[in-house]
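The values are calculated or read from the model by the stated rules, or taken from the named source; none is laboratory data. Only a predicted model underlies this, so the values are computations on that prediction, with no experimental measurement involved. Virtual Cβ from ideal backbone geometry, glycine too; neighbours counted across all protein chains shown. To get the accessible areas, we keep the full protein, side chains included, count just its heavy atoms, and leave off ligands, DNA and RNA. Shrake-Rupley method; radii C 1.70, N 1.55, O 1.52, S 1.80 Å.
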Amino acid sequence: MLKLKNVKSCFTPNSIQEAVDILKKSDGKAVIVGGGLDITVFPNPTIEQLIFLNKLGLTYIREDDENIKIGATSTITDVAKAPVMQNYLKGKVKIALTELASELLRNQITMGGSIARHHFYSDILPALYALRAKIMVSGGEFVEEFFIDDFYRNDLKVLMESCIVVGVHLNKYDDSFQFGSKRFVRNATDIALLNMAILAQIEEDIIKDISISVGSRPGPAYRFEQGEAFLRGKKLTKVLAEDFGLFTKSNVDVAKDMHLSREYRQHIAGIYTKEILLDFIGGVG
Amino acid sequence: MKVRYSINGKKKEFEIEAGEVLLDVLRRNGYFEVKGNCYMGTCGTCTVLIDGLPYTSCTMLAAKVDGSEITTIKGIGTLQNPHPLQKAFVEKGAVQCGFCTPGTILVAYALLKSNPDPTDDDIKKMLDGNLCRCTGYVQQIEAIKLAAKMLKKGDG
Ligand SMILES: Cc1cc2nc3c(=O)[nH]c(=O)nc-3n(C[C@H](O)[C@H](O)[C@H](O)COP(=O)(O)OP(=O)(O)OC[C@H]3O[C@@H](n4cnc5c(N)ncnc54)[C@H](O)[C@@H]3O)c2cc1C
Ligand code: FES
Ligand code: FES
């Protein structure tokens, strides 16, 4: 079964500039290949050229004083196994990554391929939203850094006709920050029905800073800013966790689809935010 | 276009279509031990090892992995000299129709390479992407634990 019937040529450019030039000249007929999962599972008959990034040196996980820097062709497995992720936010981001999809798919899914489209079915995007990731995009002669929220305000189709995602940077958060995420899914290779992630800075029990994200609602991931405003500045207690669960249930923006009603998604969202907050105070149950 | 692989230790060169997936290239060239089923990355029957890691070959563009080492089920053991995993799958009754078995064993092989002493949970998690309609998974888990023991004893 020839999946990509109209593909005539493959390119493995030696530089980002070369990759971008091929992309620009292709008149929309070339596609950048990350892991190639979307490209092979949802074949687009208009595609005639494949651009592989294998030679661009974009498979890396590095750190400096402020950031963990992840190259676009790094897979979920690469990131989850990187030594720097073992203790990053108490290993919670690593756990979130190793819980999505199956090992077989995690070996193939790349960060760039997950970021370049705002897919509702990506579980990586809710985590990146909560972590306030910075997306690095290159047009060859320049590299531009986008805060994740701003990145997804772009018309991605237009942006990605002349640019490629080259990496993602994650802030190194100090010990006052905690991360937690939850995912509702029926089996490993099914699309998650809901996922939520929270990053919170808690000092002397007060929630100083917080980001909350919702994914698979169904719709692309987004920041739950109403929820953030509800929690910011409050003392984190079990009662607050309970109250916030109820607040989430009433205010989170989720929709129904053939898999799940809106009410059920809201209910689970409320349970998830409550449980993540309880986990932050070490008082589950 | 041409691609070169090392398949089960033997150097091979194939003429492929630019948009072909690895599963099709392998089967067209006689590697029928690699099974195709969903073609969507959901069942795991088409699993092969690429440079030692398991992947679904139905979602892997053949041109992307030009130059790689590919291992199919026949690369880890033969009828005459089966790998402990292959022996254990037979011994524990973990094979019924056998359609999922090449993929499942290759994923288990990769697991035991990186984690020689897996817990039931490690095994279940690793088998997340390999569907089996027949066995109910219990015998597969038993077989993988038995193989782990055999490998530790240097048996096989
Ligand atoms: C059966 C199945 C189950 C899955 N389950 C999950 C799951 O549970 N959770 C989850 O998060 N994901 C899951 N995924 C993966 C996810 O849905 C996407 O398939 C994956 O994120 C795509 O990554 P990729 O690297 O393969 O991208 P590709 O398919 O290579 O590319 C995706 C898109 O991004 C573009 N692109 C790729 N890299 C770049 C780049 N560097 N710069 C610019 N554009 C680029 C491509 O041109 C293409 O348009 C699953 C996939 C399958 C097939
Ligand atoms: S045939 Fe490849 S995963 Fe099902
Ligand atoms: S033995 Fe029949 S599908 Fe697994």
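May I ask you to list the lysines whose Cα is less than 23 Å away from that of A:K274, ignoring any residue fewer than eight positions away on the same chain?
Leaving aside lysines fewer than 8 places away in the same chain, those within reach of A:K274 are A:K90, A:K92, A:K94, A:K182, A:K208, A:K234, A:K235, A:K238, A:K249, A:K256.
Mind counting lysine pairs for me in segment B:86-130? Cα separation below 19 Å, and the two need to be 8 or more apart along the chain or on different chains.
Taking segment B:86-130 as the scope, the lysine pair count is 4.
Using a 1.4 angstrom probe and counting only protein chains, how large is the accessible area of A:M1 in Å², to 10?
My reading of the accessible area for A:M1 is about 130 Å².
Got the relative contact order for segment A:1-147 handy, in percent, Cα pairs under 8 Å and 6 or more residues apart?
It comes to 22 percent, rounded to a whole number.
With the full set of protein chains in place, find how many percent of the accessible area of segment A:25-136 is carbon and sulfur; take the probe as 1.4 Å.
Looking at segment A:25-136 in its full context, I get 53 percent from C and S.
I want to check the label-to-label distance for B:K149 and A:K81. Put each point 7 Å from Cα in the C-beta direction and report it in nm to one decimal.
It works out to 2.9 nm between the two label points.
How much length is gained on full extension from B:T78 to B:S114, taking 0.36 nm per residue of separation minus their Cα-Cα distance?
Contour length minus the Cα-Cα distance gives 10.7 nm.
Return the lysines within reach of A:K24: Cα separation strictly under 29 angstrom, same-chain partners fewer than 8 residues apart disregarded; answer none if there are no such residues.
Candidates past the 8-residue exclusion: A:K3, A:K5, A:K8, A:K55, A:K69, A:K134, A:K157, B:K2, B:K64.
Quick one: check the C-alpha center-to-center distance for segment A:141-204 versus segment A:239-275, whole angstrom.
Each part's Cα centre sits 21 Å from the other's.
Which whole number gives the average, over all residues in A:101-114, of C-beta atoms from other chains lying within 10 Å of the residue C-beta?
6
Among A:S261, A:S250, what's the order by accessible area (1.4 angstrom probe), most exposed first?
Largest accessible area first, the residues go A:S250, A:S261.
Please calculate the 1.4 Å probe accessible area of A:E263, with all protein chains present, and give it to the nearest 10 Å².
110 Å²
For chain A, what relative contact order do you get, as a whole percent, if you take Cα pairs closer than 8 Å and at least 6 residues apart?
15 percent
From the phi angles alone, apply the Karplus equation (6.51, -1.76, 1.60; θ = phi - 60°) to segment B:22-32 and give each ³J(HN,Hα) in whole Hz, x where the residue is Gly or Pro.
4, 3, 5, 5, 5, 5, 4, 9, x, 8, 6
Where does each of B:K35, A:K29, A:K208 land when they are ordered by accessible area, with a 1.4 Å probe and the largest first?
Of B:K35, A:K29, A:K208, the descending order of accessible area is A:K208, A:K29, B:K35.
Where nothing but the Cβ of Lys and Arg (+1) and of Asp and Glu (-1) is charged, how large is the charge dipole of segment A:141-285 around its Cα centre, in debye to the nearest 20?
Charge dipole, segment A:141-285, about its Cα centre: 740 debye, nearest 20.
With θ set to phi - 60° and the Karplus curve 6.51 cos²θ - 1.76 cosθ + 1.60, what are the ³J(HN,Hα) couplings of segment B:93-98 in order, to the nearest whole Hz, using x for Gly and Pro?
Taking θ as phi minus 60°, the curve returns x, 8, 10, 10, 6, x Hz for segment B:93-98.
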